[in-house]
2 protein chains.
Amino acid sequence: MKGIVLDLDSKSKISYQEVPSKSLETDQVRIQIKAAALNHRDEWCRQGKYPNLTIGVILGSDGSGVIIELGSDVKGFQIGQEVIINPAMNWGENQEAQSKDFLIMGTPHDGTLSEEVVVASDRVHAKPNHLNFEEAAALPLAGLTAYRAIMYQAKTQATEKVLISGFGGGVAQFAAQFALGLGAEVYITTSSPAKLEKAISLGAKGGFDYRDSQWVDNANAEVGGFDVIIDGASGDGLNDLIKVAKPGGRIVIYGATQGNPSTLEARRIFWNQIKIMGSTMGSDQDFDDMLTFVQNYQIKPIVDAIFPFAKAEEAFDKMRDGKQMGKIVLVP
Amino acid sequence: MKGIVLDLDSKSKISYQEVPSKSLETDQVRIQIKAAALNHRDEWCRQGKYPNLTIGVILGSDGSGVIIELGSDVKGFQIGQEVIINPAMNWGENQEAQSKDFLIMGTPHDGTLSEEVVVASDRVHAKPNHLNFEEAAALPLAGLTAYRAIMYQAKTQATEKVLISGFGGGVAQFAAQFALGLGAEVYITTSSPAKLEKAISLGAKGGFDYRDSQWVDNANAEVGGFDVIIDGASGDGLNDLIKVAKPGGRIVIYGATQGNPSTLEARRIFWNQIKIMGSTMGSDQDFDDMLTFVQNYQIKPIVDAIFPFAKAEEAFDKMRDGKQMGKIVLVP
């Protein structure tokens, strides 16, 4: 079978090549991949920026497909069943944070960008009926991260005003979709008029261009403060987010694409009783809850483009350039 | 009657002088002050560092005493009753944060450092029986702030490990006492061996000198991370606190005596799912809950020294120098 592996010595840093087929342990299932999706994590691996990189590892955390073989101890699944994979492994029992053994499929262990994947059956879930394989493959990592941020951490309520920064990234889009599903009043930040238009078409009430030096004042005048803010950028923009949070507001950060902030307005945080809450991926419980929510609210992931595995370099380049509006999906 | 007023033109910046007696509104009570206590806030007012300063305002947020006159609409109190005052006014209905009308007694409105105080009856509570007037006067502002930080915000559990930074300040001491009351395992940071000894005599398990460049490593090796951290300093020490927080840990900041941190380790916050929670004073509900807790656990505020009103300058100087171990109390 073939897979997309990390190949840091090559020009493209990845290679679509023959990889060995794995034998099945008794608690595992073999899935024929129908679609896989990219995350920033995959591109960071390609750029050599992730810890514990292994040359030859099959990349990819997101995948959907069909079960084609069952380990002898596996119960509750059948050959031919359409499934998606939870890429978060060994979270552990503590709902507040992952254990030290926590791993994400795709690095350092093999991931989903191959014709077949062998995984423990407890990572496998029935594909939501309302999603095709490409949409289902777009869901796991970003959907889980967004769900935990907006539901488990922020405990967002239907009556609240929510700001999602950096709309365009997968987690930000899911966060917006989930908040809209709840019935919350959703705003976004983006520098792209096309992305703002897309957000409004989904139901967002408005948006702000974070490059505009007046955006904080404008947002406060227009909205009167946000109860919940979901941010994957950190950096100096975090102090702007603190300024647009309502007293008692919750700011969930799930990433730091803009690095560390160069200061933090401590007085504003304690006087306005702001919470800054770190969040990463999600527990098995979060994944279950996310699937239930996606089914109940018939949420459909936004797919930007679908590439064949053979054009993986093009797909990764698109992720690197950050121009996508939705998830980038690859199919064998 | 006499009171201690802000007098920024004088050398000591305060003056113990004759002040006019106030008439009573129908919902107010007149209290003969038996003891009042200082907070950093009073010293900051003296240093001209607080907003909305009024020359001639009676300083002081904390007080205990005896009711000597009741407004005609006041119910549930009687002449001669021993009481303490909740200095937090107009918090509002939102438990998550104070309203825009929120005020603290002592600036810009008259406070407790006078022979008599006139306050709305809803600010008045029966003095806990197990406390004398000096101990009771030490409780309100710092106790309320500590209670909200450790109980309402952090929701500290008996099974948890708690770090209180800057033991020596009133809020830090109450936070340690409340956490110990709960049954939590309490550690402190301090640069003073005498303060560490005091903390251990109260039941703390240990402490760390934050000036020691190894304290973070030592704390992690010895304790294995803290579930809850209560901090009034902020500044660059905040990143040390993030390093000694357990994954999923909560850091409550109620002040910024060390100013803003010059960076924030965003990746550590989101990967370890740390929460930084701002907290200020407390709601009326927090005050009620705090009094119940103090009575149930028979908690006694630590009083460092008692000065007569006439020696207010000496008391304020002691607060400024930060050498006290417990609350500084003034009596008429």
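Assorted remarks:
- Cα pair distances exceeding 49 angstrom across the protein assembly as shown, given as percent: 25 percent
- Karplus (6.51, -1.76, 1.60) ³J(HN,Hα), θ = phi - 60°, over segment A:249-262, in Hz, Gly and Pro reported as x: x, 10, 10, 9, 10, 10, x, 8, 4, 9, x, 7, x, 8
- Semi-axes of the equivalent ellipsoid for segment B:144-278, computed as √(5λ) from the eigenvalues of its C-alpha gyration tensor and ordered from largest down, come to 20, 16, 15 Å.
- Summary for B:Glu197: label point 7 Å along Cα→Cβ; distances to the equivalent points in the other copies, ascending, 7.4 nm.
- In order along segment B:313-326, the Karplus-derived 3J(HN,Hα) couplings, from 6.51 cos²θ - 1.76 cosθ + 1.60 at θ = phi - 60°, round to 4, 4, 5, 5, 4, 5, 4, 4, 6, x, 8, 6, 10, x Hz, and Gly and Pro are given as x.
- Extension gain (nm, one decimal) between B:Ala305 and B:Leu103, 0.36 nm per residue minus Cα-Cα: 70.0 nm
- R0 of 45 Å, Cβ-Cβ distance A:Ser72-B:Ser262: FRET efficiency to nearest 0.05: 0.20
- Only helices enter this figure: runs of n ≥ 4 DSSP H residues, each worth -39500 (n - 2.57), summed and divided by the residues of chain B, yield -7500 deg cm²/dmol at 222 nm to the nearest 500.
- Above-threshold pairs, the threshold being 25 Å between Cα atoms, out of A:Lys2/A:Lys311; B:Lys11/B:Lys300; B:Lys75/B:Lys300; A:Lys22/A:Lys327; A:Lys275/B:Lys300: B:Lys11/B:Lys300; B:Lys75/B:Lys300; A:Lys22/A:Lys327; A:Lys275/B:Lys300
- Length available on full extension from B:Lys323 to B:Gln214: 0.36 nm per residue minus the Cα-Cα distance, which gives 36.8 nm.
- Segment B:144-278: relative contact order in percent, alpha carbon pairs under 8 Å with at least 6 residues between: 23 percent
- Above-threshold pairs, the threshold being 28 Å between Cα atoms, out of A:Lys49/B:Lys161; B:Lys100/B:Lys318; B:Lys205/B:Lys243: A:Lys49/B:Lys161; B:Lys100/B:Lys318
- Label zone at B:Asp236, where the point sits 7 Å out along the Cα-to-Cβ direction: segment A:240-275 residues whose backbone N lies under 15 Å: A:262-264
- Both radii come from the Cα set of segment B:234-332: Rg as radius of gyration, Rh as Kirkwood radius; their ratio Rg/Rh reads 1.09.
- Ranked from shortest, the separations from the 7 Å Cα-to-Cβ label point of B:Glu93 to its equivalents in the other copies are 4.3 nm.
- With each label modelled as a point 7 angstrom along the Cα→C-beta vector, the A:Gln285-B:Asp288 pair spans 3.0 nm.
- Distances, shortest first, from the label point of A:Gly183 to those at the same position in the other copies read 4.0 nm; the point lies 7 Å along Cα to C-beta.
- Summarising the overall dimensions of chain A from its C-alpha atoms, the Rg and Dmax are 19.8, 62 angstrom.
- The modelled label-to-label distance between B:Asn296 and A:Ala194, using points 7 Å beyond Cα along the C-beta direction, is 5.9 nm.
- Loop-resident trypsin sites (Lys or Arg not before Pro) (DSSP state other than H, G, I, E or B) in segment B:67-156 with no more than 16 further Cβ atoms inside 10 Å of their Cβ: B:Lys75, B:Lys100, B:Lys155.
- The value for segment A:257-314 of Rg(Cα) / (2.2 N^0.38 Å) is 1.87.
- In this structure, the amide hydrogen of B:Glu69, modeled 1.01 Å from its nitrogen in the peptide plane, lies closer than 5 angstrom to those of B:Arg30, counting only residues at least 5 positions away or on a different chain.
- For chain B, built as a Gaussian network whose Cα springs stay under 10 Å, the top-fluctuating residue of B:Ser21, B:Ser64, B:Ser114: B:Ser21
Here, each number is a calculation from the coordinates, and none is a lab measurement. Keep in mind that what you see is a predicted model, and the values were worked out from it rather than measured. Please note: Cβ atoms are built from the backbone with ideal geometry, for glycine as well, and neighbour counts cover all protein chains shown.
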